[in-house]
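Everything below concerns the one structure shown next.
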Amino acid sequence: MDLSTFDVALRVVIVFGLIIFVHELGHFLTAKWAGVGVERFSLGFGPKLIGRKIGETEYLLSAIPLGGYVKMIGEEIGEEVDEDDLSRSFTHQSLPKRFLIVAAGPLANFLMAFVVFSLAFAQFGVNVPIDQPTVGGVVANMPAETAGLEPEDEILKVDGVAVHTWEELAEQIQHSNGNEIDLVIKKANRGQIIAATVTPQLRDNPVGGQVYVIGIERAFTNEAVTIGRAITLGAEQTWLWTHLILDSVVKLISGEVSTKELGGPILIAQVAGQQARLGLDYLLRFTAIVNVNLAIFNLLPIPILDGGHLLLMLIELLIGRPLSNRSKEMALRVGFLVIVSLIVLVFYNDISRLVS
């Protein structure tokens, strides 16, 4: 899809704005449902760019586009609340209501991911792998590219053994044990039969262990799906990406994955721009994935994030009384330092990628 730079940037801004809006809307609507007064609803942090007050709530667009916030009555530590507003104060609500208000933001992002995935499947169908040993894509700087393989080429034989399915092709490549193999290929563009020689390379397998590969990707065909099937696939994809992202977080904490792999707003904007150029279906799926990412990040047990507030509430439940203001302030300071350190790290990684 040929999109101008302005069109791509506009789509990226809309995507990020919607993701943040949905998150904060989750907090806002749940607070209203619980009878809590909301003073401000802001997209962005810092100085106000534009704003309008409707009823008791001021709706803002702020200068720093790295998130947003909902300011409720009595939410801040040590905040004085008028006698008339005590019943509408956040801190004077029951523990279950406060827990639900805080959890509603990440839950809204999970819900948006499910809805967007489902819409994408309903509108654009699902990609189904082709059983034949047909090349769907060629990885740069790998043996297949060097040997001249191209998308839509069909591999007929490996070391003289005929292959009829992608699984048979993969099996023959594994049997090579890294030794040179001869391929018989039917070219897609001319239909001629040619021979090529490749040497498989050992690479990490995403599902564990290592495998020999030559740098080709499987071909897919697109199939339309019913609304019911689209909803099922939307739920499956939301769960799949939740599992994958949680697994990545665990590996980061354990040191199995380097912190150099972390990306911030710059990287996400770059990838979003790439997906926008590929088409609306790619951008929708990426939007759903970012929603899952944001939900999980906000649920991390770091004070200042939603997960940190939920952790403090769980401690309150266990000890049978609210934590002191001093304890909350100390926790928030620690959380603030952690988040600032994380922001510095991801921006450093993003800038390093740009420079390199």
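The values are calculated or read from the model by the stated rules, or taken from the named source; none is laboratory data. Just so it is clear, the model here is predicted, and its values are computed rather than measured. For neighbour counting, all protein chains shown are included, and Cβ atoms are generated from backbone atoms with ideal geometry for every residue, glycine included.
Just a few scattered comments:
- Qualifying positions in region 20-62 - polar (S, T, N, Q) and either in contact with a Phe, Trp or Tyr (Cβ under 6 Å, 6 or more places away or on another chain) or at pLDDT below 95 (or both): Ser42, Thr57, Ser62
- Residue check, Ile343 among the β-branched types (Val, Ile, Thr), modelled with pLDDT under 90 and surrounded by 14 or more Cβ atoms within 10 Å (Cβ to Cβ): no
- For Leu233, the conditions (1) of a type in the set (A, V, I, L, M); (2) at pLDDT 90 or above; (3) assigned by TED's automatic domain parsing to the domain that holds Val22 all hold with the exception of (3).
- Verdict on Ala276 being in contact with a Lys or Arg (Cβ under 7 Å, 6 or more places away or on another chain) and either closer than 21 Å to Pro106 by Cβ or not charged (D, E, K, R) (or both): yes
- If you go through region 58-68 and pick out every residue that is in contact with a helix residue (DSSP H, G or I) (Cβ under 8 Å, 6 or more places away or on another chain) and either among the acidic types (Asp, Glu) or surrounded by 19 or more Cβ atoms within 10 Å (Cβ to Cβ) (or both), you end up with 1.
- Qualifying residue in region 72-86 (condition: in contact with a helix residue (DSSP H, G or I) (Cβ under 9 Å, 6 or more places away or on another chain), within 23 Å of Leu300 (Cβ to Cβ) and in a helix (DSSP H, G or I)): no
- Residue check for Val135: β-branched (Val, Ile, Thr) and either touching a helix residue (DSSP H, G or I) at 6+ places or on another chain (Cβ under 6 Å) or at positive phi (or both): no
- A single entry from Glu256, Glu329 fulfils the requirement of being more than 14 Å from the chain's Cα centre (by Cα) and part of a helix (DSSP H, G or I): Glu329.
- Here Val116 qualifies as surrounded by 15 or more Cβ atoms within 10 Å (Cβ to Cβ) and not small (Gly, Ala, Ser).
- Given (1) in contact (Cβ under 8 Å) with a residue 40 or more places away in the chain; (2) in a helix (DSSP H, G or I), number of the condition Pro96 does not satisfy: (1)
- Filter result for Glu83 (more than 21 Å from the chain's Cα centre (by Cα), of a type outside the set (Phe, Trp, Tyr), under 30 Å from Val346 (Cα atoms) and surrounded by fewer than 19 Cβ atoms within 10 Å (Cβ to Cβ)): no
- Qualifying residue in region 132-149 (condition: closer than 24 Å to Glu223 by Cβ, surrounded by 14 or more Cβ atoms within 10 Å (Cβ to Cβ), out of contact with any His (no Cβ under 7 Å at 6 or more places or on another chain) and acidic (Asp, Glu)): no
- Gln274, sole failed condition from (1) surrounded by fewer than 16 Cβ atoms within 10 Å (Cβ to Cβ); (2) part of a helix (DSSP H, G or I); (3) modelled with pLDDT of 90 or more: (3)
- Leu246 vs. criteria in the same structural domain as Lys71 (by TED's automatic domain parsing), touching a residue at least 12 places away in the same chain (Cβ under 8 Å) and surrounded by fewer than 15 Cβ atoms within 10 Å (Cβ to Cβ): yes
- Scanning region 332-356 for residues that are in a helix (DSSP H, G or I) and hydroxyl-bearing (Ser, Thr, Tyr) turns up Ser341, Tyr348, Ser352.
- Consider region 209-223 and keep the residues that are closer than 26 Å to Asp281 by Cβ and touching a helix residue (DSSP H, G or I) at 6+ places or on another chain (Cβ under 9 Å). The one that is surrounded by the most Cβ atoms within 10 Å (Cβ to Cβ) is Ile216.
- Single residue of region 31-69 satisfying the filter (in a strand (DSSP E or B) and basic (Lys, Arg)) that is nearest to Ile343 (Cα to Cα): Lys48
- Subset of region 285-305 [among the hydrophobic types (A, V, I, L, M, F, W, C) and surrounded by 19 or more Cβ atoms within 10 Å (Cβ to Cβ)]: Phe286, Ala288, Ile289, Val290, Val292, Leu294, Ala295, Ile296, Leu299, Ile302, Leu305
- In region 213-230, the residues that are of a type in the set (Phe, Trp, Tyr) reach residues that are in a loop (DSSP other than H, G, I, E, B) with C-beta atoms within less than 9 angstrom, at least six apart or across chains, in these pairs: Phe220/Ile130.
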